[in-house]
Amino acid sequence: MASMRDIKRRRSSIQSTQQITKAMKLVSTVKLQRARAGAERSKSYFHCMFDTMNSILARVGYVDHKYLKPGETGKKAVILISSNRGLAGGYNNNVAKLITRHETWKKEDLAIYAIGNKGREILSRADYEIREQLPEVMEAPTYADAMFLTERLLKSFEAGEISEIWLAYTAFKNTVSHIPTLMKLLPVDRPEPKDIDGDGIPDEVFEGGAPMNFEPADEEALDLIIPKYVSSLIYGGLVEALASENGARMQAMDNATNNAAELIDDLELLYNRARQGSITQELTEIIAGANAIQ
């Protein structure tokens, strides 16, 4: 059995750690309240933009547009949104696994745009190509940050350097539920036209009524709409990931605080046993000495 001094020293160390985890839990709770409010405000717009774009493409028919067809390089740009700090349970590892454990992806075909240091560190150790590093974005995500990243990605997409753009983030469902999510941004998927009349030529099929017309032209309209669509999805991913990060850290610190309390109770019991054993031994020695004198 460990000595009373060792037990006391270890108990003191765990109590100090418990104070730190309590403080971190309180900080994460305050940050979560602000981040959750931002995520809830943007969630409706985030999903509405996604549904609206799918509706537009279902009505527009066939358009030979640069954002609607994949490039020839086969290179995929993946925006990985993680945190800059650890102590958030499995938050960072779970979102990184969307990439490292993808069934069909090969690391040589991926270019990682890392938002957050922890995700970058995980993929760097696995020898993935880190093309961009933007850790400062996760400190306070803004729509301007999403627009900046969108501009850089679209330039690479138009130049043929990348063929697809994906977003890997953690969706915020509630305080205790965070879902790692992989979403394809470009090229935008759209329904395939079908040959309805049997003449061998695909016919344009529109869901929900008449086809959609654009003014001045469909290609010019898509040039304006799709970049806003991509920026909106990236920004939505940022604010939801921020809320998920703080929720995960709050849970992790709460669990750590509870575990520390259990360890302190166990050490208290061990200390009392050791103290009782020491007192018993001293009494035995005193009694034995008295008997020897007599």
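The values are calculated or read from the model by the stated rules, or taken from the named source; none is laboratory data. Computed from a prediction, not measured in an experiment: that's the story for all the values here. Methodologically, a virtual Cβ is constructed for each residue, glycine included, from the backbone with ideal geometry; neighbour enumeration extends over all protein chains shown.
Computed values, structure above
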| read-out | value |
| --- | --- |
| Candidates ILE112, ILE162, ILE81, ILE99, filtered to the one that is hydrophobic (A, V, I, L, M, F, W, C), surrounded by 16 or more Cβ atoms within 10 Å (Cβ to Cβ) and modelled with pLDDT under 95 | ILE162 |
| Qualifying strands (runs of 3 or more DSSP E) (wholly inside the stretch 21-139; at least 1 residues being closer than 18 Å to LEU238 by Cα and touching a residue at least 24 places away in the same chain (Cβ under 8 Å)) | 76-81, 110-115 |
| Residues being hydroxyl-bearing (Ser, Thr, Tyr), in contact with a helix residue (DSSP H, G or I) (Cβ under 9 Å, 6 or more places away or on another chain) and under 20 Å from ALA88 (Cα atoms) - total across the stretch 1-46 | 4 |
| Members of the stretch 154-175 that are touching a helix residue (DSSP H, G or I) at 6+ places or on another chain (Cβ under 7 Å) and either within 21 Å of HIS47 (Cα to Cα) or not in a loop (DSSP other than H, G, I, E, B) (or both) | LEU154, ILE165, LEU167, ALA168, TYR169, THR170, ALA171, PHE172, THR175 |
| Verdict on LYS155 being modelled with pLDDT of 90 or more, closer than 27 Å to SER55 by Cα, of a type outside the set (Asp, Glu) and in contact with a Leu (Cβ under 9 Å, 6 or more places away or on another chain) | no |
| Of all residues in the stretch 246-294 being among the acidic types (Asp, Glu) and modelled with pLDDT under 85, the one that is nearest to THR175 (Cα to Cα) | GLU282 |
